[in-house]
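Comments concern the structure below.
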Amino acid sequence: MDRSVKAPSMSGGEYHELAGIGAIAVGVPSLIELAGAAVWSAPMYGGPKQDVPFRNPVGLGWHLLATHDLAWTGEATAALGTLVGGGLAALAGTAIGVRWACRRCAAARADRRYRRGRPAHVALGKATVGRVDRQPIDTQARFMGRGAELDDLCWEAVQAKAIDLGVQLGEGQVPGVLIGRAVADRRELWASYEDLHLDIWGPRSGKTTSRVIPAIMDAPGAVVATSNKRDVVDATRGHRSTLGEVWVFDPQSVAEAEPSWYWNPCEWVRGNGKGAQARAAELAGHFADATEADGDAFFEPEGEDLLTALILAAALAEKPITQVFEWITKQDTTSAAVRILDDHGYGLVAGALAEQLNAPDKQKGGVFATAKKMAAILKYEEIRQWVCPAQRGERPRRSFDVAQFVTSKDTLYLLSEEGKASGGALVTAFASAVAAAGKAEGVRANGRMPVPMLIVLDEAANIVRWRELPKQYSHFGSRGIVVLTILQSWAQGVRCWGSEGMSALLSAANVLTLGAGLKDTGFLRDMSELVGAHHELVTSVSRGRRPDSGTESTSRTSEVTLTPSDISAMPKGRALVFVSGHRPTLVRTTPWMERGDADLIRDSIAAHAPDQSSTPAGPHLRAVPTNEEDNAA
């Protein structure tokens, strides 16, 4: 709660009485002096010259109003009009000049503040420095986090923390992730490379332009970004290609990328042999999570166990992931997987798989049908090219090395769309594999990665149904992995991870950012309570029957700072930020169009985005000559 408003120490009536006495004490002598100045200036308009006692306001008033020793003439009235008009003009000119000077000073301070110690690409463009846009919700910013309480989120504090964490930054690289600018005092707020983010923005509310693209552009190390659209790829790949290699995993042709490389999930499962069974279970879980569950308490766990055993067998035999689908659909060949598992020392897994193969036909059919549904994506030829080596007659494809990627400055874009042919399971598995490699690299490098890795999980609950994400979230920050999970609503996260899982994800995130367009009433009510209330002074007036009777009193009351409807109606360009250890803060977002590197992003879009001018926007009409009409008839 904002407690800056103190309880009144006296009633409103006493305050107004003192104010009235003060106004009379100052105003009456001033008016008398003004009248004297008019009498003294009357000769300028042809009036008589009179001796005006300016040093004695009381005597001046006496001679002017009581004894009439000083005559008030028409010329004095003209002089009074000139003095009043000139005074008002001078006052207005002074106010305009002071306001202009203050704006220029504020712009200069803002320019120095934004550019001091910052790379040119991070500082705001010249067109936006000092610009102020006002929204109705901004009036509530003074009741939330502001001023000195946000000092540890400023550039200098985050830079010092990066040094303490041992982060290795090159010239021109930033020490954290930009959140936005506080509305209350326009200072930049940054999150460190130890913080984890959870963003909830409504559709088309500016999350890509204000959060995703800037974060990728500023990332000092490897970047993983998931999306169901190509806009992020087109906007950032130009800059990221100057730092390292760009990898676009696009099995559904979202960005029309060609399969010039592949990632072999079975190779990741196999690894160096240690932990292969756990990785096989994790990969099977991703396939299961990407499938709309029927809620069967027997067949779904059994189908996932079957998938785990077959994935492990394919990995141990160094076969492609598509072999798993073949074993499921051609059950007369599945016994080969049992022998592979047994030969590599996984006797218990081999026994469980053999039991499923020898189960009654109805039970066996249900289990295999469930596993087939989970692995159905592997039957698509477009998918095969991205997860398998080139076959005879195909152009050679490079293999993606997960361990090498996390130590580089490469960029991995994981693209997928919803639908029956969705590559969401592979996208989730790919992101999980990279995150696991990042954690392993952090352990190897004395606890945390020296150059932080950024993972942006856009459309997290749609194409990245990562079951274990809430449980693993807190481990990422301590290993030098910055994760930015983006949802369109609280309910979307609940559908993916359940109520407890979503609450765990919220608790593990250090920075919660709420954008525009949210409509989850219950969630907004909870956020309104977290913002809290503030004190305001309320004046009460009671009047009696007589005009001069009545009382006036002032009391302090508590008001809700942001109601759920206020948060829901928050406009684009504003975000509500909850940072651990701080009061909620209202910020102005910084879209990439206002950054110093906006031209680089525009050039990247122009170079990689499809040419919209060549695509017809709709049907075209043309005039049909009369003879054509007759022929058509």
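Structure data summary
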| item | result |
| --- | --- |
| Over the chain: helical MRE at 222 nm, DSSP H runs n ≥ 4 each giving -39500 (n - 2.57), nearest 500 | -14000 deg cm²/dmol |
| By average C-beta atoms within 10 angstrom, highest first, the peptides 90-100, 64-74 | 64-74, 90-100 |
| Flagged links, alpha-carbon separation over 26 Å, of 207/379; 274/319; 207/409; 409/572; 229/330; 161/229 | 207/379; 409/572; 229/330; 161/229 |
| Under 5 Å, built H, 5+ apart or other chain: amide partners of residue 533 | 2, 561 |
| Alpha-carbon spread of segment 548-587, three principal axes, descending order, Å | 51, 26, 15 |
| Overall Cα dimensions of the chain - principal axes, largest extent first, Å | 126, 75, 62 |
| Mean separation of Cα contacts under 8 Å (6+ apart) over length of segment 31-98, as relative contact order % | 37 |
| In sequence order, calculated HN-Hα J values of segment 356-361 (Karplus, 6.51, -1.76, 1.60; Hz; x Gly/Pro) | 5, 5, 9, 5, x, 4 |
| Cα gyration tensor category, rounded, prolate or oblate, for segment 391-454 with a/c compared to 1.5 | oblate |
| Charge sum, other residues only, whose C-beta stays under 15 Å from residue 319's C-beta, Lys/Arg counted +1 and Asp/Glu -1 | 0 |
| Antiparallel DSSP beta bridges within the chain, as percent of all bridges there, nearest 5 | 50 |
| Contact order relative to length of the chain, as percent, for alpha carbon pairs under 8 angstrom and 6 or more apart | 21 |
| Simple Cβ-charge dipole of the chain, Lys/Arg +1 and Asp/Glu -1, about Cα centre, in debye nearest 20 | 1480 |
| Radius of gyration and Dmax over the Cα atoms of segment 315-414, both given in Å | 16.9, 53 |
| Per-residue ³J(HN,Hα) for segment 148-155, Karplus 6.51 cos²θ - 1.76 cosθ + 1.60, θ = phi - 60°, Hz, x for Gly and Pro | 5, 5, 9, 4, 7, 10, 7, 4 |
| Inter-part distance where segment 185-245 and segment 380-400 are each reduced to a Cα centre, Å | 30 |
| Ranked 368, 249, criterion: other C-beta atoms within 10 Å, fewest first | 368, 249 |
| Whole-Hz ³J(HN,Hα) from phi, Karplus 6.51 cos²θ - 1.76 cosθ + 1.60, for segment 565-578, glycine and proline x | 5, 5, 5, 5, 8, 4, x, 4, x, 10, 8, 9, 10, 10 |
| Under-5 Å amide H pairs with residue 261, H placed in peptide plane, nonlocal only | 398 |
| Ranking of 592, 466, 40 by count of other Cβ atoms within 10 Å, fewest first | 40, 592, 466 |
| Nonlocal amide H pairs with residue 145, under 5 Å, H built at 1.01 Å | 585, 586 |
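Every number in this text was worked out from the coordinates using simple rules, so none of it is lab data. This one's a predicted model, so the numbers in the text were calculated from it and none came from an experiment. With ideal geometry, Cβ positions are generated from the backbone for all residues, glycine too; neighbour counts draw on all protein chains shown.
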